[in-house]
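Below: one structure, written as structure tokens.
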Amino acid sequence: MSSKTELVKLLRNTYNCSITQAMAALKDGNYDLTSSKKAIETILERDSTKKAEKALNRGVGSEGLIGTIILNNGFPITTGVPALNRARGGILQVNCETDFVARTTNFKQLVQDVSHTLAFLNESNGFKDIDLNGDILSAPLIQSNPDSTPSTSSNTSIKDAITQTIANVGENITLQRFSGFSLNPATDKSSPFRLLGQFTHNKLQNESNSPVELGTLAGLIDLEVSNTSNESTASSLAKKIARQSVAIPSETLEDFNSQELLGGAEGESVLDHLKSMDAKILDFKRWSIK
């Protein structure tokens, strides 16, 4: 039979709990390991909920991150399952209270996982702003790093993940806005097709294999491209125009098209360059934390 000290150590190592929580669980479980494990899970859930509720009362923070993701850029695909070939992407803003928390692994992983989940689940025709106060929060969280060992249960919802992260970092966290992009790709490269491009200013180092880019200023752009069979050329164009959207704010497509192209020939506008590449901007998102 394990001693009280050994049981406390076991619970702390297994559940990353405090000594006080471990002692309370042992008492509730009558010092039986199986019963105490059930008790500590209840205690941790209760304490996390209390911490989250306390943080929520402080309102929306002014710091945070923008997550952008392209699961499929929309370049024509002639093989595979059509439903899986859909162009998919999205841009998400998540707020917290301090820049310190915004740089923590817990917060960054939350932004990446929620960005990935929302983009994967979205079914729209082009860009669509998603209501983040509805049923979508009950959707199961899909981890964005395909190589990671799941740190949450497969039954963990987006809302659960937010609550857990609030409890871990001690600050309020708010899903501020999300716009998803989804569209059936063209199957003929000789016909006009839609292409997604993304750019993040001062992109944070990716600590995992997540496809989500993180930063405080980012853009996602929807182009229509014609007469190219080279995906690399098309993708480079999309990234260039996305970078332009981030560098110089625009209120309208007309304003965007009239800008002088960064790195272009003298006097060359964005519209001039796009025409030379048989392309045009259909829509764009440029989001910033501040």
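The values are calculated or read from the model by the stated rules, or taken from the named source; none is laboratory data. Just so it is clear, the structure is predicted and the values come from calculations on it, not from any experiment. Counting neighbours? That spans all protein chains shown, and the Cβs are built from the backbone with ideal geometry, glycine included.
Can residue 255 be described as assigned by the TED database to the domain that holds residue 70 and assigned to a helix (DSSP H, G or I)?
yes
So how many residues does segment 55-100 have that are at pLDDT below 95, among the hydrophobic types (A, V, I, L, M, F, W, C) and farther than 30 Å from residue 193 by Cα?
So the count comes out to 3.
Under 30 Å from residue 16 (Cα atoms), assigned by the TED database to the domain that holds residue 130 and not hydrophobic (A, V, I, L, M, F, W, C): which single residue out of 179, 210 fits that description?
210
Could you grab me the full set of residues in segment 116-148 that are surrounded by fewer than 13 Cβ atoms within 10 Å (Cβ to Cβ), in a loop (DSSP other than H, G, I, E, B) and out of contact with any Leu (no Cβ under 8 Å at 6 or more places or on another chain)?
Scanning segment 116-148 gives 123, 131, 133, 134, 146, 147.
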